[in-house]
Structure formats: structure tokens, C-alpha cells
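What follows is one structure encoded as C-alpha cells, with my remarks underneath.
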Amino acid sequence: MLPIERGLEIVMSTAKAKQRPDWMPAESVALLDSTHRILREDIFCDADSPRFDKAIRDGYAVQFEDVAEVPSVLTVIGESRAGAGANVTVSPGQCCEIMTGAPLPPGANAVVMVENTEQVSPSSVRILKKARENEGLLRRGAEARQGDKILESGRRIGLPDIGLLAGNGKSRVMVSTRPRVAVIATGDELVEVDQEPQPDQIRNSNTYTICVQLLEAGAEPVVLGIGRDNLDDLRDKIRRGLEHDILLVSGGVSMGKYDLVETVFAELGVEVLFDKIAMKPGKPTVFGHRGNSFVFGLPGNPISTMVAFHMFVRPLILLLLKAENTSPRIFDAKLEAAAKCDPERAALVPALVRFDQGQYWIRTAPWKGSSDLVGLARANALIMIPRRHGTLEPGESAQFLLME
Ligand code: AMP
Ligand code: MG
């Protein structure tokens, strides 16, 4: 059995060796469609940010020297509002009414919040609190200068990035083409979601969770349905699946009499590089390749499939997408209660994590094993318990994957 890290190394080095420059070419998409995709161009500020000296408070633009002593009464000479600056220059003894986002009139060098003022007459105001130079405003270019690089190619486009792209006039964005990933569920016991299972059947849930994980990772799922536990059906579906960038088959990879997926992989010329990982759940994870396709046999149990996807499939997809960061997203926490270890395999167990006093605290949550989606849904993380004898003690550090 291979340790998780070794399995991941094999996946990544196989992908690197196969990767051709024309794989996952860049394509232009509409701004909103770029969410969570991998950026393939550097983005530069199209103008200073902010574009002009601007108020970040509602109040009065003043010369700070005038309010060194308070209270101080100033003459109001105009109004600067967002979208319509005042055509005035503020001189000593004067101020200009101003709103958040409005341009600072020349001559002014601070903005006093309206809460710290008192109207004396329609044309004068009493300032009640001192202001420092540049208080209540942002100078032109304080955030970035025109031409500054603000986003780098390879970045996964997140929420602030969408705002930056919009703010800099990028209505279309260059991103990596999404790899097409075939998804096959296997099992004679499976029925579709809209069907009523007979007493010995269950509904196919893996196809759905895998699709969600694929979309999150930035790939395009192609659902090929349910393969039955016989060589003919599996051969037919797997052959079609091998026409995609990646093929994911869930179930049929453990030691049971009807676990035929590896047999079919071998028949169809898939070179299998590993088929067991020292991980619990997720031991019978299979990885191989044929031609330009990568192939995974993911263990059938719902949580095993999710974990194996997170550990091995997601990093591969990110690599194909030319993302700068391909590692599984793993965080550190302190353990709140003891957790039992397994001497043979690293364990991933549903856990409850909370943030308190500047760090994450974690404890395992009750569950009934690798099919228990109910238990997982009540948790918010998967804790990684290292392979070793004994237990992890309270206060020890532990790593986890966020499930939310
Ligand atoms: P297998 O690896 O095929 O022996 O499957 C292991 C367990 O996972 C069995 O209890 C299966 O019924 C279950 N399972 C396999 N595929 C799916 C699926 N697509 N959705 C939900 N459960 C599944
Ligand atoms: Mg099965």
C-alpha cells in the first residue's frame, strides 16, 4: 500500500510527463463564466486605483490645518457628490460638503465625518473633532497604479478577482479550457435518483457528488450513466470513457467477486500505476493512464469516493489547468479530544472544526463509516489522522480538509 503522498507524486509526475503545450488551451469567456476558472493572462490596472483623490466618508472636505483647534466654524462653498465633483477650490476657512466616493476638491486635505459636525447655517458648519492630514480620504493610486500587475496567470479566479476584473474593464477573460471528465458509476444495486429502490437496491449518489467536485475543481463532467457489474457493460462504458481527458469510475475496484473494473482496465490497455493507497477510507483507489487519458477507479463508498477525488483527482485537474497551486487544501488545527490512530493507514474522519482565539480547534464527529453521508453532513471537516500506533492526544496539532 502506498502512502497518500507517494500516490499523489505518481499522479502528478505521470501528468507532467504527458503534458503537451497545447493541452488545456486558453479560451475567452464572459466575466461571470470565469468564476473559479484558472486565469491564463496577467491582468494590469487600466487606471490608477482609485482614479482620483476620493472621500471615504460622508462629511466635509477641509484643510486639516483649519481643524487643528476645535470647535472651528468653516464656510461651506459647495457640494461634491459621487459622480459629480464640485468645481471649487477649498481655501483656509472654507470647506466643501462631500459624500463617500466623491472626488476631493483641490485645496482640501482631509474629510471630517458628518457625525463630527454641526450645521450652523445653510452656508456654515461647526467642526467638532480634529482631523489628521489625509484622514477620511484615499489618494489617487493609493491601491494600485495604472499598469501595475494585479492578477497573475495561473490564479484560480475567486470573489475579489471578479470585482477587480469588472473594475478594470475586463468583460471577457482568458481562462484554461476545462478538461472533459467522463463519470461512470458501477453496480448492479444502483438505481437513478428519480427511481424507487427495490429492497436490495440503493440510489446512485456518487455521480452527483463527483460532478459537484468536478465543477468546483474547474472540469466539465460528462455523465456516462451506470455500468452494470458485468464485463460487457463495463467494457462498453469504459471504452467510451477513455475518449475523455480523464475517466472516473466509481465502485467495482475492491476485492469482491463482481469488482471487475480493473479487469476491464487491463483488457482495454490501461496501464495501472497503483491500486491501493494507505488511506482510510479510500484504500482501493486505482490510478492509470492510456494514451492521452488519465483513469481513476474510485472506491464505491460515498465518502471514500469524495476523499480519493480530493486527494488525487482534484490536484491532477488543477495541474492540467495550469493552476499555480495544485495541492489539496489542507489546514492546521489543534485537537480538542483524543482521536484513535490506525497503524496501517492514514485516516480521514468527519470532524467538527471551529475557529476560536486565532486558531482552528477540531474534534472527530460520530459516524458509521465510509458510507455514512448522514454523519458527514453533520460534520464540517474531514480530519486527517496520521498512520501510527496509539492515539492523537488533545492539544496535539492535526490537519483537516474543509467540507463547507
Ligand atoms: P463497491 O466498491 O462497488 O464494492 O462499492 C462499495 C459500496 O459503495 C457498496 O456498498 C456500494 O453499494 C456503494 N456504492 C457503489 N457505487 C455507489 C454509488 N454510485 N452511489 C452510492 N453508493 C455506491
Ligand atoms: Mg460495486
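List of remarks:
- All positions within segment 203-217 that are more than 16 Å from the chain's Cα centre (by Cα) and either free of Cβ contacts under 8 Å to residues at least 12 places away in the same chain or outside any helix (DSSP H, G or I) (or both): 203, 204, 205
- Candidates 352, 392, 348, 335: the one that is under 30 Å from residue 37 (Cβ atoms) and in contact (Cβ under 8 Å) with a residue 12 or more places away in the chain is 348.
- Test for residue 313: is it within 26 Å of residue 258 (Cβ to Cβ) and under 20 Å from the mean Cα position of the chain (by Cα): yes
- Test: residue in segment 173-182 that is more than 16 Å from ligand 1 (Cβ to nearest atom), in a loop (DSSP other than H, G, I, E, B) and not polar (S, T, N, Q): yes
- Among (1) over 27 Å from residue 161 (Cβ atoms); (2) not in a loop (DSSP other than H, G, I, E, B) - the single one residue 16 does not satisfy: (1)
- In a residue-by-residue description of segment 191-213, the property of being modelled with pLDDT under 95 and away from ligand 2 (no atom under 16 Å from the Cβ) applies to no position.
- Residues of segment 166-209 classified as open to solvent by less than 10 Å² (accessible area, probe 1.4 Å), of a type in the set (Gly, Ala, Ser) and farther than 30 Å from residue 31 by Cβ, total: 2
- Answer residue from segment 284-315, given it is more than 16 Å from ligand 2 (Cβ to nearest atom) and assigned to a strand (DSSP E or B) and is most open to solvent (accessible area, probe 1.4 Å) among those: 290
- Residue within segment 340-360 that is hydroxyl-bearing (Ser, Thr, Tyr) and closer than 21 Å to residue 311 by Cβ present: yes
- Cβ-Cβ distances below 8 Å connect the following pairs, each with a first residue in segment 89-115 that is surrounded by 24 or more Cβ atoms within 10 Å (Cβ to Cβ), a second residue that is of a type in the set (Asp, Glu) and in a strand (DSSP E or B), and a separation of six or more residues or different chains: 96/79; 98/79.
- Restricting segment 210-222 to residues that are away from ligand 1 (no atom under 15 Å from the Cβ) and open to solvent by less than 40 Å² (accessible area, probe 1.4 Å), the residue that is farthest from residue 300 (Cα to Cα): 218
- The C-beta contact set for segment 358-372 (first residue closer than 24 Å to residue 284 by Cβ, second residue within 16 Å of ligand 2 (Cβ to nearest atom), distance under 6 angstrom, 6+ apart or interchain) comprises 370/281; 370/301; 370/303; 370/304; 371/301; 371/302.
- Hits in segment 272-283 - residues which are surrounded by fewer than 24 Cβ atoms within 10 Å (Cβ to Cβ) and either within 13 Å of ligand 2 (Cβ to nearest atom) or of a type in the set (A, V, I, L, M) (or both): 272, 273, 278
- The set of residues in segment 229-253 being within 16 Å of ligand 2 (Cβ to nearest atom), surrounded by fewer than 18 Cβ atoms within 10 Å (Cβ to Cβ) and not in a helix (DSSP H, G or I) consists of 230 alone.
- Selection within segment 254-266 - open to solvent by 10 Å² or more (accessible area, probe 1.4 Å) and within 15 Å of ligand 2 (Cβ to nearest atom): 254, 255, 256, 257, 258, 259, 260, 262, 263
- Residue 269 under 22 Å from residue 228 (Cα atoms) and either within 16 Å of ligand 2 (Cβ to nearest atom) or open to solvent by less than 20 Å² (accessible area, probe 1.4 Å) (or both): no
- Any hit, segment 9-21, residues being within 30 Å of residue 281 (Cα to Cα) and of a type in the set (Lys, Arg): yes
- Residue 327 meets the conditions (1) at pLDDT below 95; (2) in a strand (DSSP E or B) in every case but one. The failed one is (2).
- Once segment 226-256 is narrowed to residues that are within 11 Å of ligand 1 (Cβ to nearest atom) and out of contact with any strand residue (DSSP E or B) (no Cβ under 6 Å at 6 or more places or on another chain), the residue that is farthest from residue 291 (Cα to Cα) is 256.
The values are calculated or read from the model by the stated rules, or taken from the named source; none is laboratory data. Treat the numbers as computed from the prediction; the structure is a model and nothing was measured. Ideal geometry is used to build each Cβ from the backbone, glycine not excepted, and the neighbour counts take in all protein chains shown. SASA here: full protein model, heavy atoms, side chains in, ligands and nucleic acids out. Shrake-Rupley method; radii C 1.70, N 1.55, O 1.52, S 1.80 Å.
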